[in-house]
1. Report, by residue number, each residue of segment 182-191 that is within 11 Å of ligand 1 (Cβ to nearest atom) and either touching a Gly at 6+ places or on another chain (Cβ under 9 Å) or without any contact (Cβ under 8 Å) to a residue 60 or more places away in the chain (or both).
2. Conditions first: (1) part of a helix (DSSP H, G or I); (2) touching a Phe, Trp or Tyr at 6+ places or on another chain (Cβ under 9 Å); (3) over 15 Å from Ile180 (Cα atoms); (4) more than 16 Å from ligand 1 (Cβ to nearest atom). Ala305 passes all but one, so which condition is the exception?
3. Is there any pair linking a residue in segment 133-152 that is farther than 20 Å from Val86 by Cα to one that is among the acidic types (Asp, Glu) and within 12 Å of ligand 1 (Cβ to nearest atom), with Cβ under 6 Å and at least six apart or on different chains, and which?
4. Only one of these is under 21 Å from Cys163 (Cα atoms), open to solvent by less than 20 Å² (accessible area, probe 1.4 Å) and of a type outside the set (Val, Ile, Thr): Phe52, Phe69, Phe121. Name it.
5. Any chance segment 247-264 includes a residue that's under 20 Å from Leu187 (Cβ atoms) and either touching a helix residue (DSSP H, G or I) at 6+ places or on another chain (Cβ under 6 Å) or free of Cβ contacts under 8 Å to residues at least 40 places away in the same chain (or both)?
6. Which helices (runs of 4 or more DSSP H) does segment 1-74 wholly contain that include 3 or more residues that are touching a strand residue (DSSP E or B) at 6+ places or on another chain (Cβ under 7 Å)?
7. Can you confirm whether Asn178 is closer than 30 Å to Lys45 by Cβ, within 18 Å of the chain's Cα centre (by Cα) and within 15 Å of ligand 1 (Cβ to nearest atom)?
8. Answer yes or no as to whether Arg62 is farther than 28 Å from Ser102 by Cα, at pLDDT 95 or above and either open to solvent by 70 Å² or more (accessible area, probe 1.4 Å) or basic (Lys, Arg) (or both).
Amino acid sequence: MAILVTGGAGYIGSHTCVELLQAGEDIVLLDNFSNAKPQVVNRIKELSGRDFPLYAVDILHREGLEKIFAREDIEAVIHFAGLKAVGESVKIPLDYYQNNVSGTINLCQVMARAGCKKIVFSSSATVYGNSTDVPFREDSPLSTTNPYGSTKRMVEDILRDLCASDPEWSACLLRYFNPIGAHKSGLLGEDPNGIPNNLLPYIAKVAVGQLERLNVFGNDYDTPDGTGVRDYLHVVDLAIGHLKALDYVRTHKGAEAINLGTGRGYSVLEVVKAFEKASGVTIPYRIAPRRPGDIATCYADPSKAKKLLGWEAARSLEEMCADAWNFTRRQQSGESQ
Ligand code: NAD
Ligand code: UFG
């Protein structure tokens, strides 16, 4: 039996596919390539030394999904496919609700009909909204401040209702904090189109001279150095968390929300310093106004993941920066093209 990985060619999905294949799991990869490059699929094959079926299908396309479940023997689904840009979600909310919420409903309906009732879902720390009550625990109050966050919260509710309606279902709702870094090989990483919204890809583009300098969004927060604090975790640690969550849905029923973070926060300036150390490149920056919607501090209480999944993040901020730098340099030099 195989694991269907939706959004498997994306940033987190591609790293998870490599870990799954290396652990001996069979996979089926689904992606509509709206935010991924087709060559990523070859890199997953190269790194794992394994082959697998690929479906260029949109989760909104029910017939496409049905065909996959008719042809392949799918045991469980790891569901990454979705749109993820907070700012864009404010501008085109209907696209976000359709893709992330309707797409997931489609997927679950097709799964149910095929008798496949195990799902690992990519939720987000964004479901904790602008609460200041850190560290965030899974039972902390939820609130959302933008359509993207609302889609994650809605899908969590939908999966909880589904599990309550049918005791055969199991769903692991993984609330990621801030994944950064890249595969050690430098062949997989995060390579957003245009000007990056997120801190690490932005710093990486400054380091290779594609952007002039980093704008640090605010230095007057109530944090040790005044800049925003986040719980950054290595994307490979996050990928391994999905293998643990897969074991969990195989052996448990019902819905469970679980934080995946390190439990430790770093400020923007600490990340800049760590990147400079890893790369040997100075990152010019200037202090800019706060970015609307940002909170001062966000980090996880990761104890539930340790208790239920036996998972803990292992890789340091230095390693995250070194791997991100290695990937960016290779992209820049064309080695990874
Ligand atoms: P990504 O954009 O790199 O990967 C998502 C993949 O899904 C892409 O390859 C895209 O082409 C595909 N996709 C999108 N809509 C699709 C559709 N309708 N049908 C089929 N494929 C579709 O993003 P990522 O960073 O790898 O994130 C994966 C998941 O984790 C997303 O659901 C995201 O919301 C969630 N998440 C990401 C972060 C983060 O910081 N990266 C944090 C929290 C949660
Ligand atoms: N930042 C800058 N300059 C930049 C970009 C970011 O100073 O150019 C700062 C932000 O103000 C924040 C920190 O760097 O303090 C991290 O910002 P990111 O945009 O990298 O990440 P966020 O924590 O804002 O958001 C990310 C994802 C969301 C997700 C959230 C929680 O983008 O989708 O983590 O998981 F919801």
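The values are calculated or read from the model by the stated rules, or taken from the named source; none is laboratory data. Fair warning: this is a prediction, and the values are worked out from it, not measured in the lab. Note: ideal-geometry Cβ built from the backbone for every residue, glycine included; neighbour counts use all protein chains shown. These area figures cover heavy atoms from the full protein model, side chains too; ligands, DNA and RNA do not enter into them. Shrake-Rupley method; radii C 1.70, N 1.55, O 1.52, S 1.80 Å.
1. Selection gives Gly189, Glu190.
2. Evaluating Ala305 over (1) part of a helix (DSSP H, G or I); (2) touching a Phe, Trp or Tyr at 6+ places or on another chain (Cβ under 9 Å); (3) over 15 Å from Ile180 (Cα atoms); (4) more than 16 Å from ligand 1 (Cβ to nearest atom) leaves (4) as the failure.
3. Listed by first residue and then by second, the contacts come to nothing, as the list is empty.
4. Phe121
5. Taking segment 247-264 as the starting set, the residues that turn out to be under 20 Å from Leu187 (Cβ atoms) are none.
Scanning segment 247-264, I find no residue that is under 20 Å from Leu187 (Cβ atoms) and either touching a helix residue (DSSP H, G or I) at 6+ places or on another chain (Cβ under 6 Å) or free of Cβ contacts under 8 Å to residues at least 40 places away in the same chain (or both), so the answer is no.
6. In segment 1-74, the matching helices (runs of 4 or more DSSP H) lie at 11-22.
7. The answer is yes for Asn178.
8. On the way: farther than 28 Å from Ser102 by Cα: no; at pLDDT 95 or above: yes; either open to solvent by 70 Å² or more (accessible area, probe 1.4 Å) or basic (Lys, Arg) (or both): yes.
Criteria not met by Arg62.
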